[in-house]
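> Structure provided below as structure tokens; questions to follow.
The values are calculated or read from the model by the stated rules, or taken from the named source; none is laboratory data. Just so we're clear, the structure is a prediction, and the values are computed from it rather than from any experiment. So basically every Cβ, Gly included, is an ideal-geometry build from the backbone, and we count neighbours across all protein chains shown. Ligands, DNA and RNA are excluded from the accessible area calculation, which covers all protein heavy atoms including side chains. Shrake-Rupley method; radii C 1.70, N 1.55, O 1.52, S 1.80 Å.
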Amino acid sequence: TTLRRRTILASVLATCVLFAYWGLFTWIPGFLSAPLEKGGAGLSIVRTSGFIVPMQMGAFAGYVAFGWLADKLGRRPAFVCYVLAAAILTPVYGATRDARTLLLLGPAIGFFGTGFFSLFGAMLSELYPTRVRGAGLGFVYNIGRGCSALAPWTVGYFADHYGIGTSLGLNSAFFALGAALVFTLPETKQAE
């Protein structure tokens, strides 16, 4: 049925973007503090927090801007803009070793890599009729959360073999896949 198909596709979408999110943001402090020879940025663990705060400020701005952008463009186009920007920025960030560049990229990666969450729940819940909306969203989102629990381990595994900066690029593929998958779901901008 249509509802079953939407549930499967939405679950895969949630899994992809949550995998990308957790794989990226769990490992950014480790990337920043890892030595250069292990693929990290070579910053001290104390200095790392100075890079995370601007990133979180960018995330807050991303949350605020996403709602406005989604109202103007539609939910799918806004979602695609955010996750594709995150897909592009993630490997650039992982390949950067210059502290100034990392500091400048941090707010952008926070903005795009987390901002889509501000409407993600509404977008997915509107795929369901009102009577099952909460259950539908809860099921889909938590399938994604459960599967994405493997993200920190997966990125860590690849970091051991290819360096942490390179392994952050794995998350880029999941962001990009999420951008493609959202087109398998109906636009919900005008949903009642």
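> Considering only C-alpha atoms, what is the centroid distance from region 6-69 to region 80-156, in Å?
8
> When the helices in the chain are scored as -39500 (n - 2.57) per DSSP H run of 4 or longer and the sum is shared across all residues, what 222 nm value do you end up with, to the nearest 500 deg cm²/dmol?
-27500 deg cm²/dmol
> Please report the carbon-and-sulfur percent of the accessible area for region 37-122; probe 1.4 Å, protein heavy atoms only, DNA, RNA and ligands left out.
It is 70 percent, rounded to a whole number.
> State the dimensionless ratio Rg/Rh of the chain (Rg: radius of gyration of Cα atoms; Rh: Kirkwood radius).
Radius of gyration over Kirkwood radius for the chain works out to 1.01.
> Over the Cα atoms, compute the radius of gyration (one decimal) and Dmax (the largest Cα-Cα distance, rounded to a whole number) for region 1-59, in Å.
17.1, 54
> Can I ask one more? Would you please give the FRET efficiency between N142 and E187, computed as 1/(1 + (r/R0)^6) with r the Cβ-Cβ distance and R0 = 35 Å, to the nearest 0.05?
0.90
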